[in-house]
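This report refers to the structure that appears directly beneath it.
The values are calculated or read from the model by the stated rules, or taken from the named source; none is laboratory data. Not measured: the values here are computed from a predicted model. Backbone-built Cβ (ideal geometry, glycine too); neighbour counts: all protein chains shown. Heads up: the accessible areas ignore ligands, DNA and RNA and are worked out on the full protein's heavy atoms, side chains in. Shrake-Rupley method; radii C 1.70, N 1.55, O 1.52, S 1.80 Å.
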Amino acid sequence: YRIGSVHVGLKKQHIDQLIGKLRITFLGFVSAVIILFFIISHLLSKYITRPITELTKVSDEISHGNFDIMHTLSYDIKSWDHNEGVKDEVQQLSNSFMNMTNRIMDSQAKLKESENKYRSLFTGGPNPIFVLARETLGILSANPSAEETYGYTKEELIGKIFTDLGSFELDEIQQVDFQDQNSGKITSIGSKIQCHKKGGELLYVNVHACPVRYQDMDAVIIATTDITKMVEKDNQLIQASKMTTLGEMSAGIAHELNQPLNAIKMGNEFIDMMIEKKKKIPDKDLLQIVKEVSSQVDRAVDIIRRLRDFGRKADFTKEKVNINKPVQDVLDIIGRQLRLQNIDIQLNIDENIPHILAHRNRIEQVIFNLITNGRDAINQKSEEAGGSNAKNRILIETHALDDQVMLTVSDTGIGMDTILKERIFEAFFTTKKMGEGMGLGLSITNGIVEDYGGKINIESFEGQGTSFCLSFPAVI
Ligand SMILES: Nc1ncnc2c1ncn2[C@@H]1O[C@H](COP(=O)(O)OP(=O)(O)O)[C@@H](O)[C@H]1O
Ligand SMILES: [Mg+2]
């Protein structure tokens, strides 16, 4: 049966409308979520990257040396601090960046301060200072005191070779220890070195050197001390003491001069007697007398020449000296006197001794000082022993040892204890009575020996004697 038909259906249009609405809502929701997501991620990334961008900018500025930018940075960093209150990585990074920059600024300030300090030492210091290239020894820089002392302007000095200014040993400057460049080790490379100013005037200096890096090369800082005045005073003192020595020597000299004068007188008296007796002198005898007189006059002239040489002011150029010569000269003058005082003089001379660089008459002064000290020590010993007639001697030896020339003066005198030995080189130190000793002998001796690069070694035993051993570098 077919009662009827029910038609069931939905209106498609209605469904379509419903679907459309749903789609729009869904799409709207999705877009809203996406937009929100973008907004949040944008905010988040801005929060993270902004400080980093800021830091990058600031560090870029700082790497170009602009430290003023720091002010802006510190402001920003403070504001981040307040905003978040959380110690995140970015903040830590910026904090350590701040610290680092502060450190750099700090050390830059210190560097500047120390540089200023050294600069003022260089420019304002009283001593001439030069900076030399290590290889060529060309002057790279010089301070105002160098200009003033040497009489050249800085422009004239720069480019000059340092060794042109004086008699410096080239190698010595170049051998300055460059291994230890940071130790700031200062080496003395010469004392009493002769230099000349611009006009040729002489100047004496002590020289010290220190290796440095200067404008990216190995350089040497040379500091010189002008000691011309001191050298002049020293020379005056040496000269004065030489005069005292001459005074002491005069007795010996008078004795020496008496000999040839006596011989001449004897020859003269013989001729006189023959004339009186109206006798004819045989030509042979007359010739002999004339020759003898002439040789005695030579002898006297020689003694006087030696005396004059000794008193002469030494000039400063050193000469090659055979040390045996001054030993002989001094003994010629005082040897006889010593023998008269019952002092035996023993000589042990090396005939083939190398030369030394010195002044003959200053070495004579040294030997004279040592011998007279020995004599005094011997006399003092016999005085204390109540004038006993013990065997007294002064032994003078010369010999070569390696590259040294040795001169030893030993006596059998009173000797010294260790306390006395410490003080004998002091100027005006003497144990002798007023008028017998000035206390200058050994201090001057020491100065002279040092001038020639020598050394003094003393051995002394109380009551037995003393030995002064001098060594000088030999000239090869
Ligand atoms: N050969 C020596 N033996 C003992 N003492 C010495 C000797 N040489 C020097 N002296 C001591 O050193 C001192 C200083 O000597 P020196 O400088 O020559 O001055 P001076 O001879 O005028 O006293 C002497 O006073 C003496 O005490
Ligand atoms: Mg003396």
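Worth a mention:
- Kirkwood-Stokes translational diffusion coefficient of the stretch 320-405, alpha-carbon pairs, 10 °C, 1.306 mPa s, µm²/s: 114
- Rounded percent of accessible protein surface that carbon and sulfur make up, the stretch 274-394, 1.4 Å probe: 50
- Measuring nothing but how far apart in sequence close Cα pairs (under 8 Å, 6+ apart) lie, relative to its length, the stretch 186-304 scores a relative contact order of 16 percent.
- Principal axis dimensions, largest first and in whole angstrom, of the stretch 227-313 by Cα: 70, 20, 13
- Principal-axis tilt of helix 283-311 within the chain, Cα atoms, nearest 10 degrees: 30
- The residues neighbouring ILE227, those whose beta-carbon lies less than 14 Å from its own, together hold a net charge of -2 under the Lys/Arg +1, Asp/Glu -1 convention.
- Residue range of the chain that is longest and free of GluC sites (Glu not before Pro) which are both DSSP loop and sparsely packed (at most 13 other C-beta within 10 Å): 202-350
- Value of D in µm² per second that Stokes-Einstein yields for the chain, Kirkwood Rh from Cα pairs, at 20 °C (1.002 mPa s): 68
- Rounded if a/c under 1.5, otherwise prolate or oblate - the stretch 375-476, Cα gyration tensor axes: oblate
- Per-pair calculated FRET efficiency, R0 = 45 Å: GLU115 and LEU357 via Cβ, rounded to 0.05: 0.55
- The trypsin sites (Lys or Arg not before Pro) of the stretch 393-476 that DSSP puts in a loop, and whose beta carbon has at most 16 other beta carbons within 10 Å, are LYS432, LYS433.
- Exceeding the 21 Å Cα-Cα cut-off - candidates LYS233/LYS318; LYS381/LYS432; LYS192/LYS455; LYS154/LYS185; LYS192/LYS320; LYS197/LYS455: LYS154/LYS185; LYS197/LYS455
- Here the Karplus curve 6.51 cos²θ - 1.76 cosθ + 1.60, taken at θ = phi - 60°, turns the phi angles of the stretch 405-412 into couplings of 9, 9, 10, 10, 10, 10, 10, 9 Hz, with x standing for Gly and Pro.
- Positive contributions from Lys and Arg (+1) and negative ones from Asp and Glu (-1), summed over other residues with Cβ under 10 Å from the Cβ of ASP344, come out at +3.
- At most 15 other Cβ within 10 Å, DSSP loop - trypsin sites (Lys or Arg not before Pro), the stretch 6-75: LYS11
- Label reach from LEU93 (point 7 Å along Cα→C-beta): in the stretch 26-68, amide nitrogens under 14 Å belong to 45-60.
- Between LYS291 and GLU248, the C-beta separation translates, for a Förster distance of 41 Å, into a calculated FRET efficiency of about 0.75.
- Relative contact order for the chain: 8 percent, from Cα pairs under 8 Å spaced at least 6 residues apart, divided by residue count.
- Estimated inter-spin distance, VAL475 and ILE161, nm [label 7 Å along Cα→Cβ]: 2.3
- Between helix 441-451 and the chain there is an angle of about 50 degrees, using the helix long axis and the longest principal axis of the Cα atoms.
- Counting only protein heavy atoms and a probe of 1.4 Å, the accessible surface of the stretch 84-150 is 54% carbon and sulfur.
- Distance between the modelled labels on ASN268 and THR53, one decimal in nanometres: 12.1 nm (7 Å Cα→Cβ projection).
- Counted by Cβ distance under 14 Å from THR372, the other residues give a net charge of -2, where Lys and Arg count +1 and Asp and Glu count -1.
- Taking each residue as 0.36 nm, the span from ASN235 to MET434 lengthens on full extension beyond its C-alpha to C-alpha distance by 69.2 nm.
- Label-point separation in nm, PHE461 to LEU10, each point 7 Å along Cα→Cβ: 13.9
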